[in-house]
1. Among the residues of region 212-255, which ones are of a type in the set (G, A, S) and surrounded by fewer than 23 Cβ atoms within 10 Å (Cβ to Cβ)?
2. Suppose we filter V86, V62, V69, V55 for residues that are among the β-branched types (V, I, T), more than 11 Å from the chain's Cα centre (by Cα) and farther than 20 Å from M1 by Cβ; which single one remains?
3. Among the residues of region 8-25 satisfying the criterion of being among the charged types (D, E, K, R) and over 14 Å from L41 (Cα atoms), which is surrounded by the fewest Cβ atoms within 10 Å (Cβ to Cβ)?
4. Can you confirm whether region 240-253 contains a residue that is in contact (Cβ under 8 Å) with a residue 24 or more places away in the chain and polar (S, T, N, Q)?
5. What pairs come up if the first residue lies in region 260-276 and is within 14 Å of K22 (Cα to Cα), the second is in a strand (DSSP E or B) and hydroxyl-bearing (S, T, Y), and their beta carbons are under 7 Å apart, counting only those six or more places apart or on different chains?
6. Taking region 36-57 on its own, how many of its residues are under 17 Å from A267 (Cβ atoms) and surrounded by fewer than 22 Cβ atoms within 10 Å (Cβ to Cβ)?
7. Would you mind listing the strands (runs of 3 or more DSSP E) fully within region 1-85 where at least 1 residues are within 19 Å of F185 (Cβ to Cβ) and among the β-branched types (V, I, T)?
8. Could we say that S157 is without any contact (Cβ under 8 Å) to a residue 12 or more places away in the chain, of a type in the set (S, T, N, Q) and loosely packed, with under 14 Cβ neighbours inside 10 Å here?
Amino acid sequence: MKQRDIIDNTCLILIKQGYTVKSLARSCFDLLARQGSKIILIKAVEDAKSLKKEVMDEMLKVAEYLSGVPLIIAEKAGFPLERNVVYSKYRIYTMNMDTFVNGLMNRMPYIKSSKAGATVQLSGEMLRKKREELGYSLNDLASRIGVSRNMIQKYESGNSEITIQKAVRMTDQLGKGVFRRIDIFSKQRHTLLYPHRRGDMSRTTGHVDRRHISDISKKYFTLGFKADETKRAPFDIIARKKDRLILTGVGDKVNPHARKVSELLDADNLMIYKKKRPKDLPSMKKKEFLEIEKAKELVKFLKEF
């Protein structure tokens, strides 16, 4: 399946599931989808091996600002992607179309594949309950699975990942109920993978290296916003302060997707123009923006537009 087909099919599936979807061109993500508070950013490609790390890093960054989940849908990653198996590419869950559709239907996969091999996650609590229910001692189960008694104790003390071979033996003895499904739409997982945003650090430590960021981003920091600059998104700067999200364009050329994206996200648009003021879009010159003294002044300007 070609990239355009993957994008079109994914878009159609999301719409059928009640999502509002925006397709984007030349962006770090191809689709932006929303259903209520759930926001998904999708990069759709034929071969995930073709993706560049810097593009995926930016997608992760934007997703965190949006409180969204980044996903990659592909046919292969140098090799065919298996159904109901989740892979990790540049710290983003990667899967084929069938796996994604099953996830939308709340049929989440069990198997995760990484450089270390394929694994399944155990629920320590469910493992202990099932073992006791069946009347197995720690030694009994250890012998049946082919691991030590101490390893069974370790499994029961938390949520451990085990190999497919051990998972098969565990299933034979205890059934599938002892395994945890992988929530491909988990926000927490992706947030933990991208812990350091420049904006966060500026608010907590004050040790941000601001030599390589623009005066506009620095001003956002001064106003109390978290902010980051982008190269492959339909905006040049993304800024957030609590529930206020501002997508800022810089220059005299307005991105054609800017308005639709901001509407989908309930975000504010702002254009920092140089010569020609854009029509029907909150805008000001750089000098005007830099002269703003308090965040509430900016918010008032955006509300009154």
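The values are calculated or read from the model by the stated rules, or taken from the named source; none is laboratory data. Keep in mind the model is a prediction, meaning the values are calculated, not measured. Cβ coordinates were reconstructed from backbone atoms using ideal geometry, including for glycine residues, and neighbour counts include every protein chain displayed.
1. Applying the first criterion (of a type in the set (G, A, S)) to region 212-255 yields 214, 217, 224, 227, 233, 239, 249, 251.
Listed by number, the residues that qualify are S214, G224, G249, G251.
2. Sole residue among the options that is among the β-branched types (V, I, T), more than 11 Å from the chain's Cα centre (by Cα) and farther than 20 Å from M1 by Cβ: V55.
3. So in region 8-25, the residues among the charged types (D, E, K, R) come out as 8, 16, 22.
Filter again for over 14 Å from L41 (Cα atoms), leaving 8, 16.
Details: D8: 14, K16: 9.
For region 8-25, the residue satisfying everything is K16.
4. Quick first cut of region 240-253, residues in contact (Cβ under 8 Å) with a residue 24 or more places away in the chain only: 240-241, 244-246, 248, 250, 252.
Pick out the ones that are also polar (S, T, N, Q) and you get 248.
Taking every residue of region 240-253 in turn, at least one turns out to be in contact (Cβ under 8 Å) with a residue 24 or more places away in the chain and polar (S, T, N, Q).
5. That search, which allows pairs on different chains as well, returns L264/T20.
6. Qualifying residue count, region 36-57: 4.
7. On the way: elements: 20-23, 31-35, 38-47, 69-76.
The strands (runs of 3 or more DSSP E) meeting that bar are 20-23, 38-47, 69-76.
8. Numbers: without any contact (Cβ under 8 Å) to a residue 12 or more places away in the chain: no; of a type in the set (S, T, N, Q): yes; loosely packed, with under 14 Cβ neighbours inside 10 Å: yes.
For S157, the condition - without any contact (Cβ under 8 Å) to a residue 12 or more places away in the chain, of a type in the set (S, T, N, Q) and loosely packed, with under 14 Cβ neighbours inside 10 Å - is not met.
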